[in-house]
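First up is the structure itself, then whatever we jot down about it.
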Amino acid sequence: MAGLELLSDQGYRLDGRKATELRKVQARMGVFAQADGSAYLEQGNTKALAVVYGPHEIRGARSRALHDRAIINCQYSMATFSTAERKRRPHGDRKSTEMSLHLKQTFEAAVLTQLYPRSQIDIYVKILQSDGGNYSVCVNAATLAVIDAGIPMRDYVCACTVGFVDETSLADLCYAEESGGVSSLALSLLPRGGQIALVQMDARLHQDHLDTLIEAAMTACKGVSKVLDQVVRQHLQEGSTLRE
Amino acid sequence: MKETPLSACERDFILKAIEEKKRLDGRQTYDYRKIKISFGTDYGCCFVDLGQTRVMAQVSCELIAPKESRPNEGIMFFNIELSPLASPAFEQGRQSELSVKLNRQLERCLRNSKCIDTESLCVVSGEKVWQIRVDVHMLNNDGNLMDASSIAAIAALCHFRRPDVAVQGEEVTVYSPEERDPIPLSIYHMPISVSFSFFQQGTYLLVDPCEREERVMDGLLMIAMNKHREICSIQSSGGIMLLKEQVMRCSKIASVKVSEITELISKALMNDKTARKAGGRCGFAESMPQERITALKVDETPVETADVTEKASTIIKEAEAPPPTAPSPVVPVPGVGQVGLGLQNTWGVEEEEELEEFSSGDDVEEVTKMEEDERKSTKDDVVEISDSEEEEVVILQPEKPQKAENVKSSFHQKGAPSSKKKTKQKP
């Protein structure tokens, strides 16, 4: 896609956003009655569904149990209809396993697992439509689902993918920008303390630009956290008014 | 096979040492272990030693049809094999989490950074392209497999030569190495990964963790860079939380290390080139060092002797007075000499002995008391060497014949009904 201009002279991107603008976030909590916690989140055209079960007794291998905290089991999968070409292997391939590991790592840092020794928390995320920023949307959806399940966390876990083009950082990349050879950085952050739970970057970026890129990612994550906070408060308000 | 769990005291020891800025093998915080790069007899085979961690990479090529979405680009395929050869904790066949993690990291480090010109691998657009396959095998795991693999992979790619190809209209001719010299791949830059391990929730940081340190660490940050200070990949793993300043600091350290390692690789490639030209022997067998002790020589250790006299005199002054010598032998009883004070029997056996004796009867009570005294004094005076439980040791006191007889008789008396109990008391 050599002809596409990722950032025009007036500062507009392919979908008309400015460089630091995030895509529209719409979310709904408590989508399923069966699961302990569930959430559906849309960020632009990327749609993800997250479901949380737990904390419950460890299923399967008892040897995995940790005596002082809960283990977090994550599974990431993409629906076969989520990408432009039908996906032949929705889970079990290397990329999905890697993504599941990253999600597990992110939530192990954020969830207060010390409160539930010898138990297991399951987080299942499915991408229904993929338009870039898969990891970030999964993390945001899973955060809402964990909050819906009532599992205590240190802080909201917000993630965002940023790219670097023409000396400017672009926040919240879409698929066209990601595959256009832009160096992209995915960052998940606990906004209040500014702690980074996971950082992942591909493609070449000069060391001098790393600082600006991480800063841009952190600002974008803080923006996402405000939106998530609003969603949670609204959900709680609706819930409490219904009960009255 | 499940890994032997790390003992709590070993873990505490390693963490404590790290707090005091000490490492198990004496390295500094930012030091790498000794890196040794050697090449095999075939082009594209590379062995890397990172301390005790040994890794082998082999590059091979094949002509196949390209992907539909990219008809004029060659394909790169990476594969890392973790076999029980490297460590009994690795299981044969099963794709463990570590294997997936290493594979994906190597792919992202080398493929996404576009270090190799894939368009030059195209032979006939849309029909035939070269598929370059890099297989990395772990030979010994002593920590930091990622760095060793990345060095081995990139060195092997630099070393590799693919067969020459000529396209004439519709005909494609692949020349064998005998007909035409094989040509090297066109490599833009060399991405090298540097691993940082974090301890105590990110307070302490170590570069190039060895296996023990890896077991104890909280998390790992991998930064892949090339010598032009371009970051090719960053990946954090483990449940740690980092701060932006830590990531920036690590990237600065990484740039220094990467330039050193790139130097090493270039030198190794040069050496190999000259060795091949000169017709010397090269290969895996040659790269193994011949460990033979041919001479034993210990360097003279310089010892500071300038202030020895002062030190000695201060030590003597401050030292405690030597303990008083034992009194000269005391003769409590003729024929018996006692040096030193006897020790109190701490086995608690005397109380037991007393109880038993009291229970065994009244007629022996008097004898009992005497016996106890005798016993105590005998314990003090006479050392019985025999540990045998079967033997009854009879102690004769020649100057007190009456008592001795009593003792003797009482011994025998005691001996008969409860020999087992009594013999236990003999030290």
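The values are calculated or read from the model by the stated rules, or taken from the named source; none is laboratory data. What you see is a predicted model; the values in this text were computed from it and never measured. Every residue, glycine among them, receives a Cβ derived from its backbone with ideal geometry; neighbour counts consider all protein chains shown.
When the test is whether a residue is under 14 Å from the mean Cα position of the chain (by Cα) and either over 16 Å from A:Ser188 (Cα atoms) or not small (Gly, Ala, Ser) (or both), A:Gln105 passes it.
A residue that is within 14 Å of chain A (Cβ to nearest Cβ) and within 28 Å of the chain's Cα centre (by Cα) can be found somewhere in the stretch B:107-114.
So, in the stretch B:132-179, of the ones that are in contact with a Lys or Arg (Cβ under 7 Å, 6 or more places away or on another chain) and not in a loop (DSSP other than H, G, I, E, B), which residue ends up surrounded by the most Cβ atoms within 10 Å (Cβ to Cβ)? I'd like the intermediate steps shown before the answer.
Of all residues in the stretch B:132-179, those in contact with a Lys or Arg (Cβ under 7 Å, 6 or more places away or on another chain) come to B:139-140, B:164, B:172.
Now narrow it down to the ones that are not in a loop (DSSP other than H, G, I, E, B): B:139-140, B:172.
On the way: B:Leu139: 15, B:Asn140: 17, B:Val172: 14.
Selected residue: B:Asn140.
Here the condition is being out of contact with any strand residue (DSSP E or B) (no Cβ under 7 Å at 6 or more places or on another chain) and of a type in the set (Gly, Ala, Ser); of B:Ser197, B:Ser176, it holds for B:Ser176 alone.
Can we say B:Ile261 is under 16 Å from B:Tyr204 (Cα atoms) and either within 14 Å of another protein chain (Cβ to nearest Cβ) or in contact (Cβ under 8 Å) with a residue 12 or more places away in the chain (or both)? Answer is no for this residue. Scanning the stretch B:271-308 for residues that are surrounded by 10 or more Cβ atoms within 10 Å (Cβ to Cβ), at pLDDT below 75 and not in a loop (DSSP other than H, G, I, E, B) yields B:Phe284, B:Glu286, B:Ser287.
From the residues in the stretch A:76-101 that are within 13 Å of chain B (Cβ to nearest Cβ) and of a type in the set (S, T, N, Q), which one is nearest to the chain's Cα centre (by Cα)? Talk me through it step by step, then tell me what you get.
Of the residues in the stretch A:76-101, the ones within 13 Å of chain B (Cβ to nearest Cβ) are A:76, A:83-85, A:91-101.
If we keep only those that are of a type in the set (S, T, N, Q) too, we end up with A:83, A:96-97, A:100.
On the way: A:Thr83: 18, A:Ser96: 14, A:Thr97: 16, A:Ser100: 11 Å.
My answer is A:Ser100.
Has the stretch A:82-99 got any residue that is modelled with pLDDT of 90 or more and out of contact with any Phe, Trp or Tyr (no Cβ under 6 Å at 6 or more places or on another chain)? No - not one qualifying residue is present in the stretch A:82-99.
Among the residues making up the stretch B:226-241, those that are facing another protein chain (nearest Cβ under 7 Å) and at pLDDT 90 or above are B:Arg229, B:Glu230, B:Ile231, B:Cys232, B:Ser233, B:Ile234, B:Gln235, B:Ser236. Scan the stretch A:22-43 for residues that are in contact with a helix residue (DSSP H, G or I) (Cβ under 9 Å, 6 or more places away or on another chain) and either polar (S, T, N, Q) or within 14 Å of A:Leu170 (Cβ to Cβ) (or both) and the total you get is 4.
Among the strands (runs of 3 or more DSSP E) confined to the stretch A:23-68, the ones with at least 1 residues that are more than 19 Å from the chain's Cα centre (by Cα), buried (at least 19 other Cβ atoms within 10 Å of the Cβ) and at pLDDT below 95 are located at A:46-57. When A:Val157, A:Val162, A:Val199, A:Val146 are checked against the criterion of being within 11 Å of chain B (Cβ to nearest Cβ) and crowded, with 24+ Cβ neighbours inside 10 Å, a single residue qualifies: A:Val157.
Rundown of residues vs (1) within 14 Å of chain A (Cβ to nearest Cβ); (2) free of Cβ contacts under 8 Å to residues at least 60 places away in the same chain; (3) not in a strand (DSSP E or B), yes/no style:
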position: B:Asp181; (1), (2), (3): no, yes, yes
position: B:Met190; (1), (2), (3): yes, no, yes
position: B:Ser193; (1), (2), (3): yes, no, no
position: B:Phe196; (1), (2), (3): yes, yes, no
position: B:Gln201; (1), (2), (3): yes, yes, yes
position: B:Glu213; (1), (2), (3): no, no, yes
position: B:Ala224; (1), (2), (3): yes, no, no
position: B:Cys250; (1), (2), (3): yes, yes, yes
position: B:Ala254; (1), (2), (3): yes, no, yes
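Could you check B:Ile80 against (1) over 19 Å from B:Glu214 (Cα atoms); (2) aliphatic (A, V, I, L, M); (3) surrounded by fewer than 19 Cβ atoms within 10 Å (Cβ to Cβ) and say which number it fails? Here B:Ile80 meets the rest and fails (3).
Scan the stretch B:70-101 for residues that are touching a helix residue (DSSP H, G or I) at 6+ places or on another chain (Cβ under 6 Å), under 18 Å from B:Ile154 (Cβ atoms) and within 14 Å of chain A (Cβ to nearest Cβ) and the total you get is 2. The single condition from (1) crowded, with 23+ Cβ neighbours inside 10 Å; (2) within 14 Å of chain B (Cβ to nearest Cβ); (3) part of a helix (DSSP H, G or I) that A:Thr219 fails is (1).
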